[in-house]
Amino acid sequence: MAKTVSPDAISTILANPSPDSSSDLPEIIVQVVDLKPTGNRYMFSANDGKMKIKGILQSSLSSEVISGSIQNLGLIRIIDYTLNDIPTKNEKYLIVTKCESVSPALEAEYKVEVKSEDTGIVLKPKQEETGILLKPKQEYQTKSAAQIVHEQSGNMAPSARMAMTRRIQPLVSLNPYQGNWTIKVRVTSKGNMRTYKNARGEGCVFNVELTDEDGTQIQATMFNEAAKKFFDKFELGKVYYISKGTLRVANKQFKTVQNDYEMTLNEASQVEEASNEEAFIPETKFNFVPIDELGPYVNGRELVDVIGVVQSVSPTMSIRRKSNNETVPKRDITIADETKKTVVVSLWNDLATHVGQELLDMADKSPVVAIKSLKVGDFQGVSLSALSKSNIVVNPDLPEAKKLRSWYDSEGKETSLASIGSGMSPSTKNGARSMYTDRVSLLHITSNLSLGEEKPVFFSLKAYISFIKPDQTMWYRACKTCNKKVTEAFGSGYWCEGCQKNDAECSLRYIMALKVSDASGEAWLSTFNEQAEKILGCSADELDKLKSEEGEIAYQMKLKEATWVPHLFRVSVAPQEYNNEKRQRITVRAIAPVDYVAESKYLLEEMSKMNIAM
């Protein structure tokens, strides 16, 4: 006898989110639709003809899909499962841990058809001998469209009636000159209530970021009484109908979403939750910035979207916040794009443990990732950091992703890639700082001890390394996971306070001081691992091995080889106190060899400026 889709299978699952055993439940057979891979697992929608629910097949079931036993549009019997809530998306996910194939793919997606006569619904799979005959359990009374609408509207909540009586407009169509409008949006980010004080008096304010079904976003701000009225009303992840707000041109200095306008809601604005309706998941829209164009965004308020091929994924690290001493998980991924540049993206919390682990599992396949809403920082010149509202899509179905994949497979994987931070350091909103920006002499820095008192200042230098002290502490023992300092553990191994674990091995990382000279004078600079490796041409582990195997003379000769070589330095300057004495701390942030073509152009430009001044 042919197996059929179980009537009301999804309702049975929703009513029993965590069954103790399969014997407690009736047989659950559903149709698999929208089957697609995600990492080493497969996502799908379970369909019973009336309802659908999104689901994930556990990784142990992936072989069933690969072998063709479980097929898209086919039927499966669910034997064991759990139902997980996704609070941020206001929906549930079915996690299938055990199932078996019942039928190969049907000809079409199964839907329950209601007929006035007592005739069955016949669905035929691709193989004729497995015909599936399903009959409705009850008879339905035929009603007119007017009757149905009247009954539905009478039973609906106010928000649902609003949807039926008003025209819902997409966010992209709104402008400041429109009259009445109603939008249906999801709250994708909610700020804290803040207080302010200005010439007009004191008040409070908070804002939310709203996203409609098309993925268009807008920021809405509420002040004073409106802020107090709507702060508890708006909940992250929920869907609302909003009307009677006003729009104005967005202040580019403070906007956090890609929209020319921003919304203000006042006390008269209407906000109603769309509670008794099918919730939507907004389409994610991206506005990608090439990696080599990230410089102008460093330390700015504007967030960026990037797309790249994953080059490496680090293990999870535990980072302790200075603000509250709380430990949070972090994971770094390195991505590259067609500009032949790479950048490090730091993932935090759930993104580090969930999506980050998924990327680690498939890192050898070099997946493409599209990431929305990243903050651009100045660590190692240019770096990216995810926020709570950041969104990561692995192997997205986008034209940009297909183009990037084609480039990487054909030439990118064999191409020499360079970090975007090489030769760059912190920027202002005017653009990225290069080795030729803010060029000064050493005397300019050493003669002005007040430099960097409020915050570190940055300069570029061209100087020669004149001396590297051989008997200094050249390196420290570092954790191979997080690069923090480790101590010798009791018994054996090394203890990392940051990762809270004991490892059998550690690595050495440079903390080297060196003296540099130019025509105006000399100064001591502090360098860290990446810059020191470029100067010496070897890692700290390699230099330590040279010193232990070949002796002190070979070690000192290696240091001497690095002297009297010109370099371009990007440095930060800040004051520090040592034994109650105020000193300057000059730290190397980036280093590059002298490009004599670029250097000649720079000198000609400087000479030209001098002629104009004369």
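Side notes on the structure shown:
- All positions within the range 61-70 that are surrounded by 16 or more Cβ atoms within 10 Å (Cβ to Cβ) and of a type in the set (S, T, Y): S62
- Taken over the range 543-560, the criterion of being touching a residue at least 24 places away in the same chain (Cβ under 8 Å), touching a Leu at 6+ places or on another chain (Cβ under 8 Å) and either of a type outside the set (A, V, I, L, M) or within 15 Å of L508 (Cβ to Cβ) (or both) is satisfied by L543, D544, Y555.
- Set S18, S22, S11, S63: member being modelled with pLDDT under 85, of a type outside the set (V, I, T) and touching a Lys or Arg at 6+ places or on another chain (Cβ under 9 Å): S22
- Within the range 253-269, not a single residue is on the phi > 0 side of the Ramachandran plot and either open to solvent by 10 Å² or more (accessible area, probe 1.4 Å) or part of a strand (DSSP E or B) (or both).
- Remark: T334 falls outside the filter, which requires a residue to be polar (S, T, N, Q) and touching a helix residue (DSSP H, G or I) at 6+ places or on another chain (Cβ under 7 Å).
- Residue count for the range 513-540 under the criterion of being assigned to a strand (DSSP E or B) and either in contact with a strand residue (DSSP E or B) (Cβ under 8 Å, 6 or more places away or on another chain) or open to solvent by 60 Å² or more (accessible area, probe 1.4 Å) (or both): the result is 13.
- Residue list for the range 545-559, filter: farther than 22 Å from A592 by Cβ and part of a helix (DSSP H, G or I): K545, L546, K547, S548, E549, E550, E552, I553, A554, Y555, Q556, M557
- Residues considered: L384, L360. Of these, the only one that is part of a helix (DSSP H, G or I) and either of a type outside the set (K, R) or more than 12 Å from L294 (Cβ to Cβ) (or both) is L360.
- Subset of the range 293-304 that is of a type outside the set (V, I, T) and open to solvent by less than 10 Å² (accessible area, probe 1.4 Å) - its residue that is nearest to D397 (Cα to Cα): L294
- Single unsatisfied condition, D409 versus (1) touching a Gly at 6+ places or on another chain (Cβ under 7 Å); (2) farther than 30 Å from I218 by Cα: (1)
- Residues in the range 367-422 that are of a type in the set (V, I, T) and either in contact with a Phe, Trp or Tyr (Cβ under 7 Å, 6 or more places away or on another chain) or crowded, with 20+ Cβ neighbours inside 10 Å (or both): V368, V369, I371, V376, V382, I392, I420.
- Cβ-Cβ under 8 Å pairs, at least 6 apart or on other chains, the range 450-464 side among the charged types (D, E, K, R), far side assigned to a loop (DSSP other than H, G, I, E, B) and at pLDDT 85 or above: K462/V594
- Of all residues in the range 179-188, those satisfying the criterion of being open to solvent by 30 Å² or more (accessible area, probe 1.4 Å) and touching a strand residue (DSSP E or B) at 6+ places or on another chain (Cβ under 8 Å) are N180, K184, T188.
- Single residue of the range 25-60 satisfying the filter (open to solvent by less than 40 Å² (accessible area, probe 1.4 Å) and farther than 20 Å from L106 by Cβ) that is modelled with the highest pLDDT: I56
- Qualifying position, being surrounded by fewer than 22 Cβ atoms within 10 Å (Cβ to Cβ), under 11 Å from the mean Cα position of the chain (by Cα), part of a strand (DSSP E or B) and free of Cβ contacts under 8 Å to residues at least 40 places away in the same chain, among D332, D350: D332
- Scope the range 305-319; condition outside any loop (DSSP other than H, G, I, E, B) and either surrounded by fewer than 20 Cβ atoms within 10 Å (Cβ to Cβ) or hydrophobic (A, V, I, L, M, F, W, C) (or both); matching residues: D305, V306, I307, V309, V310, Q311, S312, V313, M317, S318, I319
- Members of the range 224-251 found to be open to solvent by 10 Å² or more (accessible area, probe 1.4 Å), of a type outside the set (A, V, I, L, M) and touching a residue at least 24 places away in the same chain (Cβ under 8 Å), listed by number: E225, K228, K229, F231, K233, E235, K238, K244, G245, T246, R248
- Of everything listed in (1) within 40 Å of the chain's Cα centre (by Cα); (2) open to solvent by 50 Å² or more (accessible area, probe 1.4 Å); (3) closer than 21 Å to R570 by Cβ, the single unmet condition for S492 is (3).
- Looking only at residues in the range 560-603 that are part of a helix (DSSP H, G or I) and at pLDDT 90 or above, the one that is farthest from M474 (Cα to Cα) is E561.
- Residues in the range 189-208 that are buried (at least 21 other Cβ atoms within 10 Å of the Cβ) and touching a residue at least 24 places away in the same chain (Cβ under 8 Å): 1 in all.
- Candidate set from the range 448-485 (those that are closer than 27 Å to M317 by Cβ and at pLDDT 90 or above); member that is surrounded by the fewest Cβ atoms within 10 Å (Cβ to Cβ): T473
The values are calculated or read from the model by the stated rules, or taken from the named source; none is laboratory data. As the structure is a prediction and not an experimental result, all values here were calculated from the model. Backbone-built Cβ (ideal geometry, glycine too); neighbour counts: all protein chains shown. Protein only, heavy atoms only, side chains kept; ligands, DNA and RNA dropped before computing areas. Shrake-Rupley method; radii C 1.70, N 1.55, O 1.52, S 1.80 Å.
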